[in-house]
Amino acid sequence: MMTPLEFFTLSKIGWYLVAPSHVLVWVALAAAVLAARRHPAAVAPATACAVTVLALLTCPVGNWALRPLEGLYPRPAEPATIDGILVLGEGLNGAVLRDRGVPGVGPDGGTLLAAAALARRHPEARVVFSGGSGDLGADGPPAAEVARHVLTGLGLDETRVAYEARSRTTLENLVLAKRMVQPAPEETWLLVAAAYHMPRAMLSASRVGWRMVPWPSDYLTTARGPETHLSLAANLAHLDLAAHEGLGLLVYRLTQGSR
């Protein structure tokens, strides 16, 4: 049985190898090597690369892949009373905070905005942020420190928010946060995460036995097509996100009960 550190390390290396954008590079490299040797087999990988890039340039492939994930957990009616709000760390860059003194929020800062709005509407609720570093060999402050700067800047009293800063994966987010807050079974907790990340977050909550209300903070896709603004870079980024979450769900389900 793998330790959590071994699982984390293997997942990061594995994703580096199989991310769609990286696979495109590996195939292009193979085509270049074969072409340099004047091998006729170079035609196949070169054609595959060209067709893939053309599809990403002209069709919203990334959004087509991402939309089903974002649609699995629609935002429900807001409960009248909330006991707690758990915010998951996603894409917060501690190295930017360390080097520039300014929070590196990135594209996933919507979770912090949603959490701050909820906290203002529900002064009775406990607020917990869970997030360490999801990068191999990270030497900057954890995501929790970035979140502290942002949430304090948004006007939340620093003493109101509890920060968990050791988790490296979504499952660890839930395990360590639950250990910290010890929620009662009858309590109502909202789980705040980006819509594309919510399926894996809710699977993790179920795995640790924490009944939560999904509260998707923000979306990257519309509820239906067609998409009118196409970008190769954005399309490929969304395809990577969809593949990352889909593979994460598969791995979590395959390892259910094994760790």
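Below is a table of values for the structure above.
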{"read-out": "Spans of helices (runs of 4 or more DSSP H) in segment 1-100 with at least 3 residues of a type in the set (A, V, I, L, M) and surrounded by fewer than 17 Cβ atoms within 10 Å (Cβ to Cβ)", "value": "4-18, 20-36, 43-58"}
{"read-out": "Checklist (1) in contact with a Ser or Thr (Cβ under 7 Å, 6 or more places away or on another chain); (2) in the same structural domain as Gly153 (by TED's automatic domain parsing) applied to Arg126, failing item", "value": "(1)"}
{"read-out": "Test result for Ala117, touching a residue at least 40 places away in the same chain (Cβ under 8 Å) and in a helix (DSSP H, G or I)", "value": "no"}
{"read-out": "Selection count, segment 59-92, where residues are on the phi < 0 side of the Ramachandran plot and within 13 Å of the chain's Cα centre (by Cα)", "value": "8"}
{"read-out": "Single condition Asn63 does not satisfy, out of (1) in contact with a strand residue (DSSP E or B) (Cβ under 7 Å, 6 or more places away or on another chain); (2) in the same structural domain as Glu245 (by TED's automatic domain parsing)", "value": "(1)"}
{"read-out": "Residues (among the charged types (D, E, K, R), modelled with pLDDT under 95 and surrounded by 20 or more Cβ atoms within 10 Å (Cβ to Cβ)) located in segment 149-175", "value": "Arg168, Glu172"}
{"read-out": "Qualifying positions in segment 120-139 - of a type outside the set (S, T, N, Q), closer than 13 Å to Leu86 by Cα and either touching a Phe, Trp or Tyr at 6+ places or on another chain (Cβ under 9 Å) or without any contact (Cβ under 8 Å) to a residue 40 or more places away in the chain (or both)", "value": "Ala125, Arg126, Val128, Phe129, Gly131"}
{"read-out": "Members of segment 1-43 found to be in contact (Cβ under 8 Å) with a residue 40 or more places away in the chain and among the hydroxyl-bearing types (Ser, Thr, Tyr), listed by number", "value": "Thr9, Ser11, Ser21"}
{"read-out": "Residue within segment 75-91 that is over 30 Å from Arg126 (Cβ atoms) and in contact with a His (Cβ under 8 Å, 6 or more places away or on another chain) present", "value": "no"}
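The values are calculated or read from the model by the stated rules, or taken from the named source; none is laboratory data. Predicted model, so just to flag it, every value in this text is computed and none were measured. We place every Cβ from the backbone using ideal geometry, glycine too, and count neighbours over all the protein chains shown.
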